[in-house]
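The values are calculated or read from the model by the stated rules, or taken from the named source; none is laboratory data. This structure is a prediction, so every number in the text was calculated from the model and none was measured. Cβ: placed from backbone, ideal geometry, glycine included. Neighbour counts: every protein chain shown.
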């Protein structure tokens with residue numbers, strides 16, 4: 001019977017476009033709801049029915065409009081604002097127990113004396129160990145209102161003593177720059193994981209430091225960047241593009257054309273620029289890349305981006321939930337709409353697009369990407385680019401298949417490399433701290449020993465019955481060792497140390513570094529340097 005009620009609501013919301021002056025349409029829904037609430041044979045949960053009806057309505061729209069519960073809305077705001085209220089620890093669940101990997105310097109846990117290697121046994125007196133404990137449990141328990149108190153019962157790594165500390169939650173920054181450093185004597189490297197209200201401030205600080213160190217050129221890594229605040233990406237583009245240039249414009253049926261242009265005084269209006277992208281680079285990341293490409297300001301390298309060219313806005317509902325509604329499309333300076341094709345109400349096939357790219361061979365060959373002649377556009381320097389779905393890079397870098405090995409796939413599927421990294425950290429913490437006082441020393445001297453590598457193989461066999469061939473073992477060895485080294489670097493030192501280490505093996509980064517040091521490559525691609 002409840003399915004019947006839901007069907008009624010879906011039917012109401014699937015009738016077509018709601019004209020603003022069609023009062024009968026709105027009255028129809030109100031009356032249907034009132035009738036079900038007052039006349040139906042059974043008592044119904046009208047709040048739940050309305051929520052399902054709203055969700056059903058939104059499913060008939062584009063793939064990116066969505067319903068946000070109060071909890072989802074809160075999380076979304078935290079990501080966009082770049083902060084949340086919590087305790088400031090990075091942790092890993094190891095054998096059903098939370099082990100502190102490191103604490104944020106100056107954060108609540110740091111000030112309270114929580115240290116790397118400590119294990120949390122209780123939170124506010126409640127047991128925090130056991131098979132039912134997971135990331136969701138810890139996130140719920142450790143986060144809360146700023147200024148609210150909590151107590152942690154911990155087992156100290158240094159002496160195994162059990163102590164309880166009480167302190168207040170504080171504001172924890174969600175930094176969007178994952179790393180910024182000089183990757184060679186004149187090239188900076190910055191990786192941005194998403195765009196929030198703090199991105200531009202973080203970037204300005206990073207640029208000041210890098211330029212003081214003599215940086216002349218820069219690689220911006222936007223791989224796996226899902227987007228975020230449009231204005232943050234516009235301001236980032238403004239730092240690279242000279243005064244008075246169109247960065248992006250937005251337009252929709254109920255949204256007038258709005259243009260966003262650059263201003264003078266950008267921190268990087270000269271110098272070579274390479275932007276890294278892949279099929280997970282979307283939305284705000286594509287706004288930045290599209291502007292850079294259309295003004296011939298830098299080289300876009302990697303694989304075709306995701307193709308999300310829709311402008312979204314959150315509209316709060318009376319019960320503190322919200323609708324994320326698409327209000328327009330954005331267009332690059334040359335007029336390209338980057339949004340890939342979709343059929344309204346068919347999110348399933350839309351979500352399979354990346355799988356289709358994989359199956360068609362697009363991730364391995366640029367020749368597998370086809371654009372219609374009707375979608376031709378031209379950059380400021382008359383270079384041919386295409387609209388109709390994502391940003392196509394100037395230099396294509398195929399997906400690296402060096403370690404496309406069944407054994408590695410199984411290790412990653414079961415999280416064995418991450419697990420073992422935490423295990424190694426727990427077992428050798430004091431020795432690691434004594435031997436490696438900084439990242440540079442660690443990077444130059446640490447190498448996972450063969451005994452530890454064999455322990456991984458034994459664990460994979462014992463716990464997950466993984467029996468790799470000798471060939472698989474030999475081919476996987478280097479990958480496993482450098483991945484564990486990179487993870488340990490992240491745990492022991494600042495978070496960016498993971499990328500400093502992994503970039504040494506990253507094919508796209510290696511190619512980007514070669515390109516940015518080649519004036520010939522920039523001239524060949526018609527790029528200003």
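Applying the condition of being under 20 Å from the mean Cα position of the chain (by Cα) and in contact (Cβ under 8 Å) with a residue 60 or more places away in the chain to segment 87-103 and asking which residue is nearest to residue 428 (Cα to Cα) yields 92.
The number of residues in segment 207-246 being closer than 23 Å to residue 283 by Cα and either within 19 Å of the chain's Cα centre (by Cα) or not in a loop (DSSP other than H, G, I, E, B) (or both) comes to 22. Does residue 255 satisfy the criteria of being under 27 Å from residue 350 (Cα atoms) and within 22 Å of the chain's Cα centre (by Cα)? So residue 255 does not fit the description; no. Scanning for something within 28 Å of residue 188 (Cβ to Cβ), in contact (Cβ under 8 Å) with a residue 12 or more places away in the chain and part of a helix (DSSP H, G or I), does segment 470-479 turn up at least one residue? Yes, because at least one residue in segment 470-479 is within 28 Å of residue 188 (Cβ to Cβ), in contact (Cβ under 8 Å) with a residue 12 or more places away in the chain and part of a helix (DSSP H, G or I). The set of residues in segment 388-413 being farther than 30 Å from residue 330 by Cβ and over 21 Å from the mean Cα position of the chain (by Cα) consists of 401, 402, 403, 404, 405, 406, 407, 408, 409, 410, 411.
Here's the yes/no breakdown for (1) outside the structural domain of residue 259 (by TED's automatic domain parsing); (2) closer than 26 Å to residue 72 by Cα; (3) in contact with a strand residue (DSSP E or B) (Cβ under 7 Å, 6 or more places away or on another chain); (4) in a loop (DSSP other than H, G, I, E, B):
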position	(1), (2), (3), (4)
274	no, no, yes, no
280	no, yes, no, yes
296	no, no, no, yes
301	no, no, yes, no
319	no, yes, no, yes
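Of all the criteria given as (1) modelled with pLDDT under 95; (2) assigned by TED's automatic domain parsing to the domain that holds residue 216, the one not satisfied by residue 159 is (2). With respect to residue 404, is the statement that it is within 30 Å of residue 371 (Cα to Cα) and without any contact (Cβ under 8 Å) to a residue 40 or more places away in the chain true? When the stated conditions are applied, residue 404 passes them. Among the residues making up segment 382-399, a single one is at negative phi and loosely packed, with under 13 Cβ neighbours inside 10 Å: 384. Each residue in segment 255-269 was checked for being under 14 Å from residue 236 (Cα atoms) and touching a residue at least 40 places away in the same chain (Cβ under 8 Å), and 2 of them qualify. All conditions but one from (1) within 18 Å of residue 325 (Cβ to Cβ); (2) in a loop (DSSP other than H, G, I, E, B); (3) over 28 Å from the mean Cα position of the chain (by Cα) apply to residue 44; the one that does not is (1). Only one entry in 453, 424 is touching a helix residue (DSSP H, G or I) at 6+ places or on another chain (Cβ under 9 Å), under 23 Å from residue 99 (Cα atoms), surrounded by fewer than 18 Cβ atoms within 10 Å (Cβ to Cβ) and touching a residue at least 24 places away in the same chain (Cβ under 8 Å), namely 453.
To keep it simple, each residue is scored yes or no on (1) under 26 Å from residue 259 (Cβ atoms); (2) crowded, with 24+ Cβ neighbours inside 10 Å; (3) touching a residue at least 40 places away in the same chain (Cβ under 8 Å); (4) in contact with a strand residue (DSSP E or B) (Cβ under 9 Å, 6 or more places away or on another chain).
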{"site": "193", "(1), (2), (3), (4)": "no, no, no, yes"}
{"site": "201", "(1), (2), (3), (4)": "yes, no, no, no"}
{"site": "213", "(1), (2), (3), (4)": "no, no, no, yes"}
{"site": "229", "(1), (2), (3), (4)": "yes, no, yes, yes"}
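For segment 124-137, filtered to residues that are out of contact with any strand residue (DSSP E or B) (no Cβ under 6 Å at 6 or more places or on another chain) and in a strand (DSSP E or B), the residue that is surrounded by the most Cβ atoms within 10 Å (Cβ to Cβ) is 127. Among the residues of segment 429-449, those identified as surrounded by fewer than 16 Cβ atoms within 10 Å (Cβ to Cβ) and in contact with a helix residue (DSSP H, G or I) (Cβ under 9 Å, 6 or more places away or on another chain) are 433, 435, 441, 445, 447.
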